[in-house]
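Note sheet for the following structure.
What follows draws every value from the coordinates through simple rules; no lab data is involved. The model shown is predicted, which means the values in this text are computed figures rather than measured ones. Here Cβ is always computed from backbone atoms with ideal geometry, including for glycine, and neighbour counts include all displayed protein chains.
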Amino acid sequence: MTDNTAIIKIIDEITACRNITLEQLHMLLETDDMQAVDYLRKRASEKAHETYGNQVFIRGLIEFTNYCKNDCLYCGIRHSNTHADRYRLSTEQIMACCESGYELGFRTFVLQGGEDPYYTDERICEIVSGIKAKYPDCAVTLSIGEKSKESYQSYFDAGADRYLLRHETADEKHYSRLHPAEMSLENRKQCLWDLKEIGYQVGCGFMVGSPGQTVETLYEDLQFIKELEPHMVGIGPFISQKDTPFANEKSGTMDETLRLLSIIRLIHPKVLLPATTALGTIHPLGREKGIQSGANVVMPNLSPVNVRDKYKLYDNKICTGDEAAECRYCMENRMKSIGYQVVVSRGDYANF
Ligand code: SAM
């Protein structure tokens, strides 16, 4: 059997049994047979089509604070980065982002930020309930890090629908390479279980190509995703940021990110899978290629233009100078150019 035939057989096996072995993952990530890689992409794209057709869901991303008490080694808004120009959005500014977003057809608002103690549970609940009262047909997603189960419950009771918390890596040793000693994988995972138990639509995920990542640690990620059964999986390339301890580390690649998007799609046919801004940052057509590799969500930025440049998780982030409307229509055109249609809907997990 030639290498090519063997890999194609593996791809068919993964598609049929929705699982992957470590050996198979090695083969899919390490092969330089581009025909086989193209087959992987094709099968994943077919899988996404079976559930979502040619529809792409959009989420309006509001990056409302870049203050963070954590010191993740990879992240440009880490606490000890004294070069970060810090900002916070007021409730009124956040509501203004939602207003323009709603007019542009967004029906999901993603509130993302560093872990910023200024936003007490009370403030977060006030913001969430304010958005839900004004836009009852919209979903609110929170992505504000690790909190107690009680806090998560209070946000849920205030109306939050979804929560994104990338687990970052499911391998203990790798986790401690990426984070300071006071952060733990155990707590991160517990948060995800708590969120799920409360009833959120939950998203986990990881960076591709983070320092110290191996096929083995990626396999741990896939195992954890299988165990958690999240509604969303956010993956994007690690991109170095000049003011972090990882300034000189190599960034992740588009090729590996696309392969992993396809693999995740085959294992989790219905999962909500974004083609991330980081993917668009490492390649001008990264998001289009992400969608063609099995992703089905994009998250244009709704943050006010004057703060966008300050939410610098990594260097050379795209779209920092564009107005919300520009991002929205740019995305629509990008998706059209590859035969996909951006839809005005909440874009919930396909529970059928
Ligand atoms: N504080 C929240 C949290 O911890 O989930 C949300 C904000 S955090 C900045 C959002 C995500 O950005 C992280 O989960 C991480 O995967 C990603 N990120 C941070 N630094 C990055 C980098 N240098 N390259 C790519 N992604 C990065």
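Restricting to the range 13-55, name every residue that is touching a residue at least 40 places away in the same chain (Cβ under 8 Å) and of a type in the set (A, V, I, L, M).
Of everything in the range 13-55, those that are touching a residue at least 40 places away in the same chain (Cβ under 8 Å) and of a type in the set (A, V, I, L, M) turn out to be 14, 20, 22, 25, 28, 29, 37, 40, 44, 48.
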Is it true that some residue in the range 121-139 is surrounded by 21 or more Cβ atoms within 10 Å (Cβ to Cβ), in contact (Cβ under 8 Å) with a residue 40 or more places away in the chain and not hydrophobic (A, V, I, L, M, F, W, C)? no
Within the range 166-198, restricting to residues that are in contact with a Pro (Cβ under 8 Å, 6 or more places away or on another chain) and over 23 Å from residue 152 (Cα atoms), the one that is farthest from the ligand (Cβ to nearest atom) is 177
If you go through the range 114-155, how many residues are closer than 23 Å to residue 167 by Cβ and outside any helix (DSSP H, G or I)? 15
Taking into account only those residues within the range 291-320 that are assigned to a loop (DSSP other than H, G, I, E, B), among the polar types (S, T, N, Q) and under 23 Å from residue 67 (Cβ atoms), which is nearest to the ligand (Cβ to nearest atom)? 316
Looking only at the range 187-206, decide whether some residue is under 17 Å from residue 282 (Cβ atoms), in contact (Cβ under 8 Å) with a residue 24 or more places away in the chain, under 18 Å from the mean Cα position of the chain (by Cα) and outside any helix (DSSP H, G or I). yes
Out of (1) in contact with a helix residue (DSSP H, G or I) (Cβ under 6 Å, 6 or more places away or on another chain); (2) surrounded by fewer than 19 Cβ atoms within 10 Å (Cβ to Cβ), what's the single condition that is false for residue 298? (2)
Only one residue in 288, 323 is away from the ligand (no atom under 14 Å from the Cβ) and either surrounded by 22 or more Cβ atoms within 10 Å (Cβ to Cβ) or within 17 Å of the chain's Cα centre (by Cα) (or both). Which one? 288
Checked the range 251-275 for anything assigned to a loop (DSSP other than H, G, I, E, B) and either touching a Pro at 6+ places or on another chain (Cβ under 8 Å) or farther than 21 Å from residue 74 by Cα (or both); matches are 251, 252, 253, 268, 269, 270, 271, 273
Taking the stated definitions as given, is residue 154 in contact (Cβ under 8 Å) with a residue 40 or more places away in the chain and out of contact with any strand residue (DSSP E or B) (no Cβ under 7 Å at 6 or more places or on another chain)? no
Evaluate the following for residue 206: is it within 12 Å of the ligand (Cβ to nearest atom) and out of contact with any Cys (no Cβ under 9 Å at 6 or more places or on another chain)? yes
In the range 238-255, which residues are touching a helix residue (DSSP H, G or I) at 6+ places or on another chain (Cβ under 9 Å) and within 11 Å of the ligand (Cβ to nearest atom)? 238, 239, 246, 251, 252
